[in-house]
Amino acid sequence: MTPHVLHQLPLWVEGDLDAADMAVVDHHLDQCPDCRSAAENLRASQIQLREAMVSPFGASDRERLRRQVMVQVRAEGAAKPVRRLLPRFALLVACAASLLLTVFLRRQGPAAVAPEPTSAPKGHQHPAQPPPALAVRQDPLPSHTRGPAASARKAQPPAGPTRIEFQTADPTIRIIWLAQSKPLPDTTPSLEEKS
Amino acid sequence: MFPGSEAALMDEGFASLPEAPAEDPVAPLIERILGGEVNAFEDLMARTEARVLALAWRMLGDRHLAEDAAQETYLRVFRSLHTFRQGERFEAWLVRIAVNVCRDLARKRGPLPLPLDSMEMLPRDPAPTEAEEVTLLGQRRALVQQALASLPQGERAALVLRDLEGLTTEEAARLLGVRPVTVRSQAASARAKVQAFCTRLLHPHGGHP
């Protein structure tokens, strides 16, 4: 008779032995009543284990858990919405819109870039130019000069670049462009040549 | 012996966790949640909560603690869903979080109360009535649960993941952060101890079951 396999039975019972060892154990169990009895007891114990550890939770327990979790999830979701794709998409849209707006403003002429130009040539000034469409805000002064003091400084041409702000659909994302109103040296002659 | 037990385990999601299935059925739900549709999380829970509750209860052996663990698991899932990698199986990710939560809670709780010295009140009637059968079943369950409670945490986790949750040895090893051979050895040790525990308490004088 082959050697007893009692020490291998806890692995054998769930198929954790390799094929060769499984065959050896099976062969021994055919010959040895003691080991076979131990193997049957272990198998019965595993069945009892699975039967005893069936989940005690019912549908009402699961619904209660779901309610409790969702209360917190909704509170956290409202405070800090889960975002992964949205910011990327919003940023992409904002960049595309900015690019289109820049092209549009450049086509309108240098004065359209800055309704109250700061460093553009005097001959190109158009003070009555309407602001661009969409949710664009043009501010000739940097943000730190806005407020009550801004109207007082309106008469003086500011030295800094024009400020263009976009408010995206997401209230936490705002795109700010600082646009230089002075036309590029190589574009102005080409426009003049066409006219 | 217990014909309904396998079916019940299947209902709880007694299935292995393949690494990269063709398409995860909860992927659209995850996209909706990440897109800001928080209520879709409820659907995600409805699909997976039975398994999480069962796993937590098996790991911790306490109903209330298991409910706390399941709640904490889902909150962690919600808070870190943006870190979930596309293409990974969600249920494997969820089970990993649940196992970590259970291990944290088990560490905080400390060792379980000592098991009973004997269960001699179990009836030995060879032909029990239906009512006696129900009582006997309840006592057997209590006995097995005591046996699990007597195991070291590592052995219990290996046994639960390998034999009750249906994971392969390699999957359980990945979840527990140990080598497969460790899981194999811990699960085997746990099986032997559970059997010895039940035999000792059912037959304290050395009789056969």
- Message: Considering only region A:9-19, I want to know if a residue exists there that is farther than 19 Å from B:ARG184 by Cα, in a helix (DSSP H, G or I) and more than 9 Å from chain B (Cβ to nearest Cβ).
- Response: no
- Item | The one condition in (1) within 13 Å of chain B (Cβ to nearest Cβ); (2) crowded, with 17+ Cβ neighbours inside 10 Å; (3) within 21 Å of the chain's Cα centre (by Cα) that A:ALA78 fails to fulfil | (2)
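This table checks each residue for (1) in a loop (DSSP other than H, G, I, E, B); (2) within 24 Å of A:ALA38 (Cβ to Cβ).
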position	(1), (2)
B:LEU136	no, yes
B:ALA157	no, no
B:LEU167	yes, no
B:ALA173	no, no
B:VAL178	yes, no
- Specify which of the listed residues (B:ALA56, B:ALA69, B:ALA98) is facing chain A (nearest Cβ under 10 Å) and at pLDDT 95 or above. B:ALA56
- Query: Do you know which of the residues in region B:184-205 that are touching a Lys or Arg at 6+ places or on another chain (Cβ under 9 Å) and more than 9 Å from chain A (Cβ to nearest Cβ) is modelled with the highest pLDDT?
  - Reply: B:GLN186
- Residues being more than 9 Å from chain A (Cβ to nearest Cβ) and free of Cβ contacts under 8 Å to residues at least 12 places away in the same chain: count how many of those fall in region B:38-53. 1
- Item | Considering residues of region B:151-206 that are at positive phi and without any contact (Cβ under 8 Å) to a residue 24 or more places away in the chain only, the residue surrounded by the fewest Cβ atoms within 10 Å (Cβ to Cβ) | B:GLY206
- Message: Given the criteria under 26 Å from B:LEU136 (Cβ atoms), at pLDDT below 95 and at the interface with chain B (Cβ under 7 Å from one of its Cβ atoms), does A:LEU86 qualify?
- Response: no
- Pair list, Cβ < 6 Å and 6+ apart or interchain, from region A:89-109 residues that are closer than 14 Å to A:ILE175 by Cα to residues that are of a type in the set (D, E, K, R): A:ALA90/A:ASP170
- Task: Identify all residues within region A:49-60 that are part of a helix (DSSP H, G or I) and more than 7 Å from chain B (Cβ to nearest Cβ); write none if there are none.
- Result: A:ALA59, A:SER60
- Query: Given region B:18-85, what helices (runs of 4 or more DSSP H) lie entirely inside it while holding 1 or more residues that are polar (S, T, N, Q)?
  - Reply: B:40-60, B:63-79
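The values are calculated or read from the model by the stated rules, or taken from the named source; none is laboratory data. Bear in mind that the values here come from a model prediction, so they are computed numbers and not experimental data. With ideal geometry, Cβ positions are generated from the backbone for all residues, glycine too; neighbour counts draw on all protein chains shown.
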